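Worksheet for the structure shown next.
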Number of protein chains: 2
Amino acid sequence: MRVAILAHEKFPDRAKTAIGILRYAEYDVVAVLDRDRPGERVHDHLKNVQDAPIVASIDDIDEFDALIIGIAPIGGGFDESWRSDVTGAIERGCDIIAGLHYQLQEDTELASLADTHDVELHDVREPPDDLSVSEGIAGDLDATIVLTVGTDCSVGKMTVTMELVEALRERGVSVCAIPTGQTGIMIEGWGIAVDRVISDFTAGAIERMLLERADEYDVLVVEGQGSITHPAYSGVTCSLLHGSMPDQLILCHEPGREVVHGYESFELLDLEAARDLYIELATPVAPTELVGVALNTRYLDEEEAISVIESVEVDLDVTCTDPVRYGADALAEVIG
Amino acid sequence: MRVAILAHEKFPDRAKTAIGILRYAEYDVVAVLDRDRPGERVHDHLKNVQDAPIVASIDDIDEFDALIIGIAPIGGGFDESWRSDVTGAIERGCDIIAGLHYQLQEDTELASLADTHDVELHDVREPPDDLSVSEGIAGDLDATIVLTVGTDCSVGKMTVTMELVEALRERGVSVCAIPTGQTGIMIEGWGIAVDRVISDFTAGAIERMLLERADEYDVLVVEGQGSITHPAYSGVTCSLLHGSMPDQLILCHEPGREVVHGYESFELLDLEAARDLYIELATPVAPTELVGVALNTRYLDEEEAISVIESVEVDLDVTCTDPVRYGADALAEVIG
């Protein structure tokens, strides 16, 4: 399928869905839309991902089958400045794939237009309507459950999940990613956006996904969300921690980030304090251990990256790497 | 308003909504429905609350204006054994007030019957549809924010909230309860059932309620939910802790309870460990302190109750009482 990815004014640093798609999904990306960067290319900013031209609007794209909303603003709203591209894509017969809290299907104009042109509006963040409370049984599953946790949102939990699954698969491990956010769901083609689930049912949603996959695989790697000290999203993180009852944790962090993304008056915990808090909070429900740290070193040069990785390994006494820069094999080695 | 309260097979020990209404709401309760206890009275089981006869079905009640669903099963479902009482009440022109996850308004039979008989189906657990993420600003409010937290669900957080507000009011403090669950909402006539809110917006929901009331009152007492180590509900608790950014915590516990209600393979934390975990989890977002412990000593005799209260005061070095048994004045004294 040929897709265009909308990422206006946010590519690449604030377009984590777009980058996840470019890096891991099996779509043929024909263009990225960013009206601030027409004429540039994806590879001008990022290597190791699929390349594509960056254009100002869908009028600059020849042919495509679907438009993916590739940015996820705080609050999950629909930015009206996107509307002309979305309606234009629908009029050209393209499906729309979005992971916003805002439901495209409930937008009267878009729904009616989609109907007229016989295209689909996929709101991947919409959860199943038959979820319920957790039964507290994820800990009884035979599979090894790994959860990616973080010091903040947008530090790379989804990326680490995908890299770790790939590295485990290459080692011959029977492994499956458990997608819990819009990007992971778009990449894997299934999953539940847990941050969209009724809060009483959030732990139950992750439990259900684990129960569905535990018989088939030896290792399940759960895509984490938010952070346990995020002023807005910590409840989702807590539900994931207790609902998934992970055997092992991978802690994700971006060196140099010191305050919460979008909530800059709140400081991040350092890695040791974050590790301790995740483990103390998990233990009364299901004991767990931190087995690795995944750093996002995109803003560091080679020497800085290696230095910070080495110092984390010493300070926390666990495996540490940047899985995008150096591969996730070192992390894969400590799983199980 | 004359109300009947449905509590089939659960009164009194597993009917916390019914008891909350009997104890705190300004309704005239004409009967409690429990098919296991016809002929008994509320006062056979509980003092210090409004008395009423217990009957087997609505056929045994003369006149009433509304039927309240007074039990809140795990999962929040609608038990089909309640249907004849609910339809009977509607046919007699009574409104139905429910706080289930199951929405009565979406039950085709009930909705159509309510329409025919021109009565209202109040689903108090349904949240406003314009909620969004927290801005992380509850900590900036001038009011003193108090949150009731617990070692488990169903240990008395709603009750402690109501008792504490009453005791503060009697001391002349300008104080308001912030209801976060179905019972509190039924009693106070406003509020948001935070466990029904989309998990990404749960902290935002409590923040919104605090913002709405902070200018008017000096003290806001937030009704807590669940517990931070509950395998299913901890995410809601975490959102309340970080969304409300409380200045002070009151820890609620039922002496003798050792495992999670309904999840008996999970042990409760002891009071010291619970205090430490709540404070460690709160501090990175907003520092707080534990100022009191509220015990539910309903299963203890006088001597046992006093003994456990005294030993908690020594062990935790904070004020402790059973606010239902001895009043909440001791707790009110340490607020602010």
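No value in this document is a laboratory result; all are computed from the given coordinates. Fair warning: this is a prediction, and the values are worked out from it, not measured in the lab. Here Cβ is always computed from backbone atoms with ideal geometry, including for glycine, and neighbour counts include all displayed protein chains.
Below are the figures for this structure:
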quantity: Chain A: most fluctuating residue of A:S132, A:S239, A:S81 per GNM, C-alpha cutoff 10 Å; calculated: A:S81
quantity: Hz values of 3J(HN,Hα) by residue in region A:189-203 - Karplus curve (6.51, -1.76, 1.60), Gly and Pro given as x; calculated: x, 7, x, 10, 6, 5, 6, 9, 7, 3, 4, 5, 9, 5, 4
quantity: Vicinal HN-Hα couplings computed from phi for region A:118-127 (Karplus, 6.51 cos²θ - 1.76 cosθ + 1.60; Hz; Gly/Pro x); calculated: 6, 10, 9, 9, 9, 9, 5, 7, 6, x
quantity: Gain in span if fully extended, B:R325 to B:D129, counting 0.36 nm per residue against the direct Cα distance; calculated: 66.6 nm
quantity: Residues whose placed amide H lies under 5 Å from that of A:V222, excluding near-sequence neighbours; calculated: A:V146, A:L147, A:T148, A:I178
quantity: Helix-derived mean residue ellipticity, 222 nm - over chain B, DSSP H n ≥ 4, -39500 (n - 2.57), to 500; calculated: -9500 deg cm²/dmol
quantity: Shielding by other protein chains, A:279-285, mean Cβ within 10 Å; calculated: 6
quantity: In degrees, nearest ten, helix B:157-170 long axis to first principal axis of chain B (Cα); calculated: 70 degrees
quantity: Reciprocal mean inverse distance between Cα atoms of region B:2-123 - Kirkwood radius, Å; calculated: 14.2 Å
quantity: √(5λ) per eigenvalue of the Cα gyration tensor, chain B, largest first, Å; calculated: 32, 24, 18
quantity: Principal-axis tilt of helix B:302-316 within chain B, Cα atoms, nearest 10 degrees; calculated: 40 degrees
quantity: Over region A:133-287, relative contact order from alpha-carbon pairs under 8 Å, at least 6 apart, %; calculated: 35 percent
quantity: Bridge type composition, chain A - antiparallel percent by DSSP, nearest 5; calculated: 5 percent
quantity: Per-q log10 I(q)/I(0), region A:88-221, q = 0.13, 0.18, 0.22 Å⁻¹ (Debye; single scatterer per alpha-carbon; no solvent); calculated: -0.65, -1.03, -1.29
quantity: Label point 7 Å beyond Cα along the C-beta direction, distances from A:R2 to other copies (nm, shortest first); calculated: 7.4
quantity: Residues B:H45 and B:S174, FRET efficiency given R0 of 30 Å [Cβ-Cβ distance, rounded to 0.05]; calculated: 0.30
quantity: Mean separation of Cα contacts under 8 Å, 6 or more apart, over the residue count of chain A: relative contact order %; calculated: 15 percent
quantity: GNM flexibility winner over chain B from B:L281, B:L147, B:L240 (Cα, springs under 10 Å); calculated: B:L281
quantity: Rg and Dmax of the protein assembly as shown, Cα atoms only, in Å; calculated: 26.4, 83
quantity: Förster radius 35 Å - calculated FRET efficiency between B:E212 and A:R35, Cβ distance, rounded to 0.05; calculated: 0.35
quantity: Average projected area [Cα convex hull, region A:138-333], square nanometres; calculated: 10.3 nm²
